1. I'd like to check something: does the stretch 366-376 contain any residue that is under 23 Å from the mean Cα position of the chain (by Cα), outside any strand (DSSP E or B) and more than 24 Å from residue 222 (Cα to Cα)?
2. Among the numbered criteria (1) without any contact (Cβ under 8 Å) to a residue 40 or more places away in the chain; (2) within 16 Å of the ligand (Cβ to nearest atom); (3) in contact with a strand residue (DSSP E or B) (Cβ under 9 Å, 6 or more places away or on another chain), which one does residue 330 miss?
3. If we keep just the residues of the stretch 132-159 that are in a loop (DSSP other than H, G, I, E, B) and more than 20 Å from residue 116 (Cα to Cα), which is farthest from the ligand (Cβ to nearest atom)?
4. Of the residues that make up the stretch 267-286, is at least one open to solvent by less than 10 Å² (accessible area, probe 1.4 Å) and part of a loop (DSSP other than H, G, I, E, B)?
5. When residues of the stretch 412-450 are filtered for being under 14 Å from residue 349 (Cβ atoms) and either in contact with a helix residue (DSSP H, G or I) (Cβ under 6 Å, 6 or more places away or on another chain) or among the aromatic types (Phe, Trp, Tyr) (or both), how many remain?
6. Away from the ligand (no atom under 16 Å from the Cβ) and either aliphatic (A, V, I, L, M) or closer than 30 Å to residue 288 by Cβ (or both): does that describe residue 206?
7. Considering (1) touching a residue at least 40 places away in the same chain (Cβ under 8 Å); (2) on the phi < 0 side of the Ramachandran plot, say which one residue 455 fails and leave the rest.
8. Of all residues in the stretch 160-179, which are more than 7 Å from the ligand (Cβ to nearest atom) and open to solvent by 10 Å² or more (accessible area, probe 1.4 Å)?
Amino acid sequence: MPRQAAALKPIEKVQRYPLDAFLADIGDIGDIEWTSEPTDLKRRSRDFFWYSPILSEQLKDKLADVIVTPKDENEVIRIAAACARYRIPLTPRGGATGNYGQCVPLEGGVVLDMAAMNRIEWQKPGRVRVQAGAKLWDIDAATRPHGFELRMHPSTKRSAQIGGFVAGGSGGAGSVTFGGMREPGNILAARIVTLEERPRAIELRGDAAQKISRAYGTTGIITELEMPLAPAQAWIDVIVAFEDFIEAIRFGRSIAMADGIVKKLVSPIEWPLPQHFAAFRSFCPEGKCLVLGMIGDMSMESFETLLEPLRGSITYKAPADDSLGKVPLYEHTWNHTTLQMLKADRSVTYLQCLYPHDRLVDAATEVAKMFGDEVMQHLEFIRINGVMAANGIPVIRYRSPERLYEIIAGFEACGVMIANPHVVTLEDGSRYKRVDADQLGFKREVDPMGLLNPGKMRSFVPHQ
Ligand SMILES: Cc1cc2nc3c(=O)[nH]c(=O)nc-3n(C[C@H](O)[C@H](O)[C@H](O)COP(=O)(O)OP(=O)(O)OC[C@H]3O[C@@H](n4cnc5c(N)ncnc54)[C@H](O)[C@@H]3O)c2cc1C
């Protein structure tokens, strides 16, 4: 049950922060929704960090002191002002599908739940303006009748919010054509609220909007986003089975690189991962490696023509459907592949990789030789700076932290870059082991006291 200002009473525990003063302050405007019920605090202080045995141990006891759910930007400003006044950390929370404790309040304080700010503000051909808490699925549902859809979405499209995707995600279905979120042009504008005693609302347009992209909410509270759209397509979900992973990669890459073929997803997947694809199991022949694809209806003939000379066979082909009660094919790719296996076997974990585009097949072969059954590979083709690259989110049979780090070193020895998903800071989790200079500088402007999601940007030293 939401609690309201009228029901204010002291929070009964030893307080790390002056929460009663904070709540009295936000209560001044009447009805900002908040809760400090222990079950709410526990449930809403988590994300999917449990994929990582290492983070599971580190983060399981982290808890917010209060969850606040603003309805509009004015309420966000009031909350931010009160946090600044009383020096209380604030951690924005979207759909909480992040994987590395991105929305876990490492130092407690306020969790700002964005779920109620979910309005579609307006749409025009090729662009949409939304509040940050709008779910990706809802945005597509609103734009598709007008002939447009989001350029890309994570495989968590049905539960993630656009603000969480921009602040915490990297790419997904659609990235084979449009690249990752960080490619210029993939965010048109962002409106943010700063964390200061007198918070400002700032509109960041064009390239400036990248200052909040994958910054884990450390560089401002996003209240609105303007996103580019692509023409909506009739997508066909397709599964092709191959004798081995390398053939699947070769075919996947030929489709990914065929610019005339309209596609949203091209994912080669190594056996035995498909064994765990319950909803599609009858289309996953025993022992076969797969390519999962979302292909534009008008491009299916060309897709099949490229397949003809190869040893692959189509086992499934049907219009994509992610409506309520259906399991879309994209929920078997990106980090959903890990989830499908985790449903049956909680002893696995994963890594996040970027394979070398000029020796993709060699690198995948070397990884397979080096680790055998301990590592199960799957790739997601993604355009990076105009080059067709391949992300990988291999599923790993977990033995110990030491072994996991040996596996990381093994991947790196094969020329595969790792963005470590078993750490909480932006720096340690990035492929380049540093935070974007623009984002660090911007943080000094918008969060001088370092109260936004503290602990996630370790290069930042707050003003005293
Ligand atoms: C099964 C599974 C599959 C996944 N597949 C993909 C994938 O295909 N591609 C991908 O990129 N990721 C993927 N992820 C990770 C995650 O789902 C996405 O990044 C997703 O877009 C996060 O959105 P969210 O709303 O759940 O954000 P949250 O997890 O709630 O938050 C993510 C980060 O954004 C910040 N944040 C949220 N809202 C705001 C706001 N309004 N202002 C400022 N900061 C904010 C949070 O503080 C946090 O740091 C996957 C995760 C799982 C568990």
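The values are calculated or read from the model by the stated rules, or taken from the named source; none is laboratory data. Bear in mind the structure is a predicted one, so any value in this text is a computation, not a measurement. As a convention, Cβ positions derive from the backbone with ideal geometry for all residues, glycine included, and neighbour counts pool all protein chains shown. Please note that ligands, DNA and RNA were not included when accessible areas were found on the heavy atoms of the full protein model with its side chains. Shrake-Rupley method; radii C 1.70, N 1.55, O 1.52, S 1.80 Å.
1. We begin by selecting, within the stretch 366-376, every residue under 23 Å from the mean Cα position of the chain (by Cα); these are 375-376.
Within this subset, residues satisfying the condition of being outside any strand (DSSP E or B) are none.
Checking the stretch 366-376: not a single residue is under 23 Å from the mean Cα position of the chain (by Cα), outside any strand (DSSP E or B) and more than 24 Å from residue 222 (Cα to Cα).
2. (1)
3. So in the stretch 132-159, the residues in a loop (DSSP other than H, G, I, E, B) come out as 132-134, 147, 151-152, 154-159.
Those left that are additionally more than 20 Å from residue 116 (Cα to Cα): 147, 151-152, 154-155.
Numbers: 147: 24, 151: 13, 152: 9, 154: 3, 155: 4 Å.
Filtering first and then ranking leaves 147.
4. yes
5. Pass one, the stretch 412-450, residues under 14 Å from residue 349 (Cβ atoms): 418, 420-423.
With either in contact with a helix residue (DSSP H, G or I) (Cβ under 6 Å, 6 or more places away or on another chain) or among the aromatic types (Phe, Trp, Tyr) (or both) added as a condition, the list becomes 418, 420, 422-423.
The total comes to 4.
6. So residue 206 fails the test.
7. Here residue 455 meets the rest and fails (2).
8. Of everything in the stretch 160-179, those that are more than 7 Å from the ligand (Cβ to nearest atom) and open to solvent by 10 Å² or more (accessible area, probe 1.4 Å) turn out to be 177, 178.
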